[in-house]
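A short worksheet on the structure shown next.
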Amino acid sequence: SSDLKLFRRSTRMVELTPEGLAFTEDARNIVTIAEHARMRFSHPDDYPVQELSIGCSNYAELYLLTDVLHELSVSHPNLHPRFHVVPHEQLFHLLETGAAEVIFDIRENGKTKEALTFQELCLSSLVCVCRSGYLPSGKENLSLSELKDKKLIFCNPLTLSPDLARFQWKLAAEKRPADIHFCNSPETAALLANAGFGIAILPELFLPPGSSMQTFRLAEAPSLSVGLFYHANFENALLKEFIQNTRRCFSDMES
């Protein structure tokens, strides 16, 4: 629309509107595709590059794909993975526009969008993590009532699946603003928890590897279905191999 504004201007500053922020990912994709096309035409005799575009809502998820991508790099030496990390609400736009061929994320309330397939890889529990010694040791679980007088650290609800965002608001409902921290990613939430600012509520699967923090399972919390979203009728052999390898790697992790 000609009335759509991408920038909000004042006498002191220029900032992106929500529409402008959503457009930035499309703009990056346009520039990247154009640059790749230019490079391919400038080296027409080179062995063709194989691209695989993956979308997710945080970098903690991407690290879970390390072994999968390593296997693909061995079998496909010219593989060039491309990653798109955007808020959860923008993920499916990546599939709709073709910017991403597959999404790695949490499924909302057991639902999958029409014309898409969801391949569940695992169920992840919500856990409480904090600096070693922040809470008494000797127990494995915490109840919601035990969190009432504690400072809590959450991820920005805009970056989360709606189910998880609603659960966070339930925990935050009776707390003072000073007792709640909101972070833009699981990594920064874990950082504040490890620094002693409070207790972070995170999917267990997204915890930093090798962490020395205290970890408690959160009673009464929902299990989260983690997996891959992709178009039901895709014909990409590389994507098929990626899906098969990811399923096997997560099966090995669980066993």
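Of all the listed residues (F250, F216, F234), the sole one being surrounded by 12 or more Cβ atoms within 10 Å (Cβ to Cβ) and assigned to a loop (DSSP other than H, G, I, E, B) is F234.
The single condition from (1) of a type in the set (S, T, N, Q); (2) modelled with pLDDT of 90 or more; (3) closer than 23 Å to S211 by Cα that S125 fails is (2).
Tally time: how many residues in segment 105-121 are free of Cβ contacts under 8 Å to residues at least 40 places away in the same chain and either under 28 Å from L202 (Cα atoms) or surrounded by 13 or more Cβ atoms within 10 Å (Cβ to Cβ) (or both)? Don't jump to the end; show me each part of the working.
Step one: of segment 105-121, the residues free of Cβ contacts under 8 Å to residues at least 40 places away in the same chain are 111, 114.
Remaining after also requiring either under 28 Å from L202 (Cα atoms) or surrounded by 13 or more Cβ atoms within 10 Å (Cβ to Cβ) (or both): 111.
Summing the residues that are free of Cβ contacts under 8 Å to residues at least 40 places away in the same chain and either under 28 Å from L202 (Cα atoms) or surrounded by 13 or more Cβ atoms within 10 Å (Cβ to Cβ) (or both) in segment 105-121 gives 1.
Restricting the first member to segment 238-254 and to residues that are free of Cβ contacts under 8 Å to residues at least 12 places away in the same chain, and the second to residues that are of a type outside the set (F, W, Y) and not in a helix (DSSP H, G or I), no beta-carbon pair is closer than 8 Å while six or more apart or on different chains. Output the residues belonging to segment 156-177 that are in a helix (DSSP H, G or I) and either of a type outside the set (A, V, I, L, M) or open to solvent by 20 Å² or more (accessible area, probe 1.4 Å) (or both). Within segment 156-177, P157, L158, T159, P162, D163, R166, F167, Q168, W169, K170, L171, P177 qualify. In segment 122-138, the qualifying residues are those that are of a type outside the set (A, V, I, L, M) and surrounded by 11 or more Cβ atoms within 10 Å (Cβ to Cβ), and the one that is farthest from P177 (Cα to Cα) is C122. Residues that are over 24 Å from the mean Cα position of the chain (by Cα), more than 27 Å from E89 (Cα to Cα) and without any contact (Cβ under 8 Å) to a residue 24 or more places away in the chain occur at least once in segment 146-169. Taking segment 219-230 only, how many residues are in a strand (DSSP E or B) and either among the basic types (K, R) or open to solvent by 80 Å² or more (accessible area, probe 1.4 Å) (or both)? Going through segment 219-230 one residue at a time, the tally reaches 0.
Identify all residues within segment 120-131 that are in contact with a Gly (Cβ under 9 Å, 6 or more places away or on another chain) and over 16 Å from S223 (Cα atoms); write none if there are none. Let's see the steps before the verdict.
We begin by selecting, within segment 120-131, every residue in contact with a Gly (Cβ under 9 Å, 6 or more places away or on another chain); these are 120-122, 130-131.
Answer for segment 120-131, where residues must be in contact with a Gly (Cβ under 9 Å, 6 or more places away or on another chain) and over 16 Å from S223 (Cα atoms): C130, R131.
The values are calculated or read from the model by the stated rules, or taken from the named source; none is laboratory data. No experiment lies behind these values; they were computed from the predicted model shown. FYI the Cβ positions are ideal-geometry reconstructions off the backbone, even for glycines, and counts take in every protein chain you see. Accessible surface areas use protein heavy atoms only, side chains included; no ligands, DNA or RNA. Shrake-Rupley method; radii C 1.70, N 1.55, O 1.52, S 1.80 Å.
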